[in-house]
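Visitor: Pasting in a structure now, in structure tokens, and then I'll have a few things to ask.
What follows draws every value from the coordinates through simple rules; no lab data is involved. Everything numeric in this text was worked out from a predicted model, so none of it was measured. Please note: Cβ atoms are built from the backbone with ideal geometry, for glycine as well, and neighbour counts cover all protein chains shown.
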């Protein structure tokens, strides 16, 4: 059985972890380069807002509930013309029930 080791704690200690994780990472450590690149990325075209739902009825009478999501900002997105032709931000519809049925069938 593994030996259990507890972190030292004193009653006047405010926090168990460092206030900032950055304090524990060396200034020239490669993760800082990765972090700065990620922080500089514009991901606004990847953010989606829930816009409600709509119901769709098939020819056989099956009612599907489709959840609708709209991209928050497609302006300036380099692949916008390949993504959609709409003048507004892209809207997608997701049928969660259908996705569950497909997953079960696999």
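Visitor: Nearest 10 degrees, 0 to 90: what angle lies between the long axis of helix 31-40 and the longest principal axis of the chain (Cα atoms)?
Guide: Orientation of helix 31-40: about 40 degrees from the principal axis.
Visitor: A follow-up question, please. If each of residue 24 and residue 62 carries a label point 7 Å out from its Cα toward its Cβ, how far apart are those two points in nm?
Guide: 5.0 nm
Visitor: Further question: Of all alpha-carbon pairs in segment 49-106, indicate the percentage at a distance above 16 angstrom.
Guide: Summing the P(r) tail past 16 Å for segment 49-106 gives 58 percent.
Visitor: Could you line up 38, 25 from fewest to most neighbouring Cβ atoms inside 10 Å?
Guide: 38, 25
Visitor: Now, a different point. Answer rounded, prolate or oblate for the chain, using the Cα gyration tensor with square roots of eigenvalues a ≥ b ≥ c: rounded when a/c is under 1.5, else prolate when a/b is larger than b/c, else oblate.
Guide: oblate
Visitor: Roughly what angle does helix 96-105 make with the longest principal axis of the chain, taking Cα atoms, 0 to 90 degrees, to the nearest 10?
Guide: With rounding to tens, the tilt is 80 degrees.
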